[in-house]
Amino acid sequence: MDEQKIRESAIQRYENGEPPKLIYTSLNRTKQWFFKWLKRFKSGELNWANGLSRRPRHSPKKIDQAMEQAVIEKRQ
């Protein structure tokens, strides 16, 4: 079973009235894991069970295009 299906089944079990502790212990997950996905489910997003990208939105140390071009020209 892939991770997305595990998340969906955990929340489905919760909605069916199963206690959270029983759910996350039977799946060998932590309490934080369960409530993280419950919070995302309750947020109302359509693809809540998909993981979010961990890629940084920007890189503060990246040099701008003009400076990069100047360095390349200088090296040649």
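So, Gly44, is that one within 22 Å of the chain's Cα centre (by Cα) and either surrounded by 10 or more Cβ atoms within 10 Å (Cβ to Cβ) or not in a loop (DSSP other than H, G, I, E, B) (or both) or not? For Gly44, the condition - within 22 Å of the chain's Cα centre (by Cα) and either surrounded by 10 or more Cβ atoms within 10 Å (Cβ to Cβ) or not in a loop (DSSP other than H, G, I, E, B) (or both) - is not met. Residues in segment 47-60 that are surrounded by 10 or more Cβ atoms within 10 Å (Cβ to Cβ) and out of contact with any helix residue (DSSP H, G or I) (no Cβ under 7 Å at 6 or more places or on another chain): Gly51 alone. Of all the listed residues (Ile23, Ile6, Ile63, Ile11), the sole one being part of a helix (DSSP H, G or I), surrounded by 10 or more Cβ atoms within 10 Å (Cβ to Cβ), over 18 Å from the mean Cα position of the chain (by Cα) and hydrophobic (A, V, I, L, M, F, W, C) is Ile23.
Every number here is computed from the coordinates shown, using simple stated rules; none is lab data. None of these values were measured; they are calculated from a predicted model. As a convention, Cβ positions derive from the backbone with ideal geometry for all residues, glycine included, and neighbour counts pool all protein chains shown.
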